[in-house]
1. When you check residue 220 against the structure, is it among the aliphatic types (A, V, I, L, M) and within 18 Å of residue 144 (Cβ to Cβ), yes or no?
2. Please list, ordered by first then second residue, the pairs with beta carbon atoms under 7 Å, 6 or more apart or interchain, first in the range 98-117 and open to solvent by less than 10 Å² (accessible area, probe 1.4 Å), second among the hydroxyl-bearing types (Ser, Thr, Tyr).
3. Of all residues being open to solvent by 80 Å² or more (accessible area, probe 1.4 Å) and under 27 Å from residue 113 (Cα atoms) in the range 183-210, which is nearest to the chain's Cα centre (by Cα)? Just the residue, please.
4. Name the residue that is farthest from residue 187 (Cα to Cα), counting only residues in the range 16-28 that are in contact with a strand residue (DSSP E or B) (Cβ under 9 Å, 6 or more places away or on another chain) and either surrounded by fewer than 15 Cβ atoms within 10 Å (Cβ to Cβ) or of a type in the set (S, T, N, Q) (or both).
5. Which count do you get for residues in the range 143-162 that are free of Cβ contacts under 8 Å to residues at least 60 places away in the same chain and among the basic types (Lys, Arg)?
6. So for the range 28-43 (the condition being hydroxyl-bearing (Ser, Thr, Tyr), over 30 Å from residue 242 (Cα atoms) and out of contact with any Cys (no Cβ under 9 Å at 6 or more places or on another chain)), does at least one residue qualify?
7. Could you check, for the range 49-72, whether at least one of its residues is buried (at least 17 other Cβ atoms within 10 Å of the Cβ) and at pLDDT 95 or above?
8. Here is a check on your reading of the model: is residue 225 assigned to a strand (DSSP E or B), basic (Lys, Arg) and either open to solvent by less than 60 Å² (accessible area, probe 1.4 Å) or closer than 16 Å to residue 22 by Cα (or both)?
Amino acid sequence: MSLNFGTHEDVVFDDAPLTSVLCQIQFPPILALISGAGLTGFQTVLREQYPILLPKEQSASVQVGPDSIGLSASPPVWRLTDEAKQWTVGLAVNFVSLETPSYSSIDEFLSRIDNILRALRSTLRPADSIRIGLRKINAIGSDDPSFFRSSIRPEVLGILAVEDLPVPILQAAFQVQFEDDENMLVVRSGLADEGAERRYVLDMDYFTERPYPVAPGEDIVSLLRYFSEGMTSFFHWATTEDYRSSLQPRPRTQK
């Protein structure tokens, strides 16, 4: 059973504040992925679902020593997307990832992860994982500071819950870490500006460094479902009933 922050209704929010859901599975380096040739088989298996190969991402840094200046480049990150560019698969020498701004259900997300792991296993066969994480980022927006106080528990808001401060708060950031046996849930929250609107960001990262076979099947899928349920429990605890009611909740079984 995942971390339990209290009972809550099993609902889906049609107007959820989720802006991004990301899963990353890290493993020991596969040197073949330093070049595009190592990507070929993996891309071929996934091409029907993720037909677009984006330009590789690679950063460089300058290293200055007492007698010399050197330039080093990080290994490339290869990204495949669907036609609508709503689902992105990332692959580098030491990780595979899936990210979407269009999350609708954990079942769809896990089905895609399982398919990606099947492609990875049949082509590159990585060793056991080093880290597996699931991250959900929520952005609750309003120009009215009182909106945050009516939407988020004061224990989560911290000083932002205080109404009569002598001056406005320009920035605020908080972090809390929960230990869950061999897993960890890290919650980062605070204010962020997006254009003219202020947003309260609730960024949840649930991960483990316990090794798992990087393969399709129930091991990783069940772990990620466990992480998702724990983050859902925290979201219900951290937000108010009035705010959740505004998100158009419906029973999970109702289409």
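The values are calculated or read from the model by the stated rules, or taken from the named source; none is laboratory data. Note that the coordinates shown come from a computational prediction; the quantities given were computed from them, not determined experimentally. Cβ atoms come from the backbone with ideal geometry, glycine included; neighbour counts cover every protein chain shown. The accessibility values were calculated without ligands, DNA or RNA, using every heavy atom of the protein model including side chains. Shrake-Rupley method; radii C 1.70, N 1.55, O 1.52, S 1.80 Å.
1. Answer is no for this residue.
2. As it stands, the answer is 109/103, since those pairs meet every condition given.
3. For the range 183-210, the residue satisfying everything is 188.
4. Ranking the candidates gives 26 first.
5. Of the residues in that region, 1 qualify.
6. There is at least one residue in the range 28-43 that is hydroxyl-bearing (Ser, Thr, Tyr), over 30 Å from residue 242 (Cα atoms) and out of contact with any Cys (no Cβ under 9 Å at 6 or more places or on another chain).
7. Yes, that holds for at least one residue.
8. Here the answer is no, as residue 225 does not meet what is asked.
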